[in-house]
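Data first, discussion second: the structure below is written as structure tokens.
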Amino acid sequence: MKNKLLRLFKNKNFLFSLLFVLIAAISIVLIIWMSQDFSLGEFFTYIKTASPEWIIASVLSMVLFIVFEGLALTVICRGFGYKTKISGGFIYSAADIYFSAVTPSATGGQPASAYFMVKDGISGVMTTAALLLNLFLYTVSVLAIGIICFIFKFDIFLSYGLTPKIFIIAGFICQLVLALFLFMLLINRKLLHRICRSFIHILCKIRIFKNEDERQQRLDAYMDSYRKSIKIIIRHKKVIWLAFLMNLLQRSAQIAVSVFVYMATIGSSLSDAVTVWFLQAYTVLGANTVPVPGGVGIYDYITINGFCSIMTKAQAVHLDLLARSLSFYFCIFICGFSILIRYIWLRKKSHKAKIRNDK
């Protein structure tokens, strides 16, 4: 597993970077395509007239999006008995966000987080349990925000067109199914065991893995340790609730980026800001319909459709483009830069340790 994770960083960096650039280009083209009257000059004017204070607030909110996931993972790891630093949690979060954004179907996030967690001395079993629990809490937090939206601002949902409504409902159902599935994996060790055994059997059949019997035996021992790990964390209900709160704040912080950008440009009242927050919350639900990096296309379509209910289409496109640049692209840049620095530091540390051992 470690060798595969290492190859993730060594051999696929170029492909990941190329994919990210492609995703960014597609997203921007889609946004511009949604407004045939889009003018690059007007967009730059839109940015120049933005309030610096609110833009700074939006950037800080984006950083908190990374920080809160890191705090959730830190809380969970400490619940398992590890003295995880907040800075370490930040790197785990950055790795998850970056590789989820640049890998197909957002599949690379958790393996990348696992790489840094194992490097920090957290066992593979504990790492698996921590990431699975955090993914469950992350999914539940999205559902919680969706329920809040439906209860308190159902009129906003009714303001959407038919297609965005379908995406939003489908997104809520997808998250509900995923949450139930993850919950079953957490409490039903036998289910997870059977799934893993099936994957190993298939991978051995297509000759990606060898020595099936040996791998199945290792899996059996691994699952025994996994069961013990889950029992440890379930006893710490405060840890679970605190980690859930961190995930809830993480999603709220990401949504708030658009609110601050709105207040920096065309916002005029607190009630308008609240409306934008709920519009973006609905977008988060709808964007989870299809597991594509960053919800490219769907996210922007729902966002602009919703914003058009309270502003002109040109303003909606400008707001989406600027907020998206901060909450997604700039966020990915910060995450990528952070894990690059951490990876270089780990490589140097490993090299120095090798030199000491050779002596």
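The values are calculated or read from the model by the stated rules, or taken from the named source; none is laboratory data. Everything numeric here is computed off the predicted structure, so don't read it as measured data. Here Cβ is always computed from backbone atoms with ideal geometry, including for glycine, and neighbour counts include all displayed protein chains. Heads up: the accessible areas ignore ligands, DNA and RNA and are worked out on the full protein's heavy atoms, side chains in. Shrake-Rupley method; radii C 1.70, N 1.55, O 1.52, S 1.80 Å.
Checked across the stretch 84-93, the condition of being in contact (Cβ under 8 Å) with a residue 40 or more places away in the chain, outside any helix (DSSP H, G or I) and either more than 16 Å from the chain's Cα centre (by Cα) or surrounded by 19 or more Cβ atoms within 10 Å (Cβ to Cβ) (or both) holds for no residue.
Yes or no: the stretch 104-112 includes at least one residue that is in a helix (DSSP H, G or I) and either more than 14 Å from the chain's Cα centre (by Cα) or crowded, with 23+ Cβ neighbours inside 10 Å (or both).
Step one: list which residues in the stretch 104-112 are in a helix (DSSP H, G or I), which gives 104-106, 109-112.
Subsequent filtering for residues that are either more than 14 Å from the chain's Cα centre (by Cα) or crowded, with 23+ Cβ neighbours inside 10 Å (or both) retains 112.
Yes, the stretch 104-112 contains at least one residue that is in a helix (DSSP H, G or I) and either more than 14 Å from the chain's Cα centre (by Cα) or crowded, with 23+ Cβ neighbours inside 10 Å (or both).
Right, ALA24: small (Gly, Ala, Ser), at pLDDT below 95, open to solvent by less than 20 Å² (accessible area, probe 1.4 Å) and part of a helix (DSSP H, G or I) or not? So ALA24 passes the test.
Residues of the stretch 196-244 that are in contact (Cβ under 8 Å) with a residue 12 or more places away in the chain and among the aromatic types (Phe, Trp, Tyr): TYR222, TYR226, PHE244. Restricting ALA57, ALA95 to residues that are under 17 Å from LEU326 (Cα atoms) and modelled with pLDDT of 90 or more narrows the list to ALA57.
One residue is enough: does the stretch 73-82 have a residue meeting the conditions under 24 Å from ILE173 (Cβ atoms) and outside any helix (DSSP H, G or I)? Full working, then the answer.
Within the stretch 73-82, the subset under 24 Å from ILE173 (Cβ atoms) is none.
There is no residue in the stretch 73-82 that is under 24 Å from ILE173 (Cβ atoms) and outside any helix (DSSP H, G or I).
Residue under question is LEU340, and the condition is that it be more than 17 Å from the chain's Cα centre (by Cα) and modelled with pLDDT of 85 or more; does it hold?
yes
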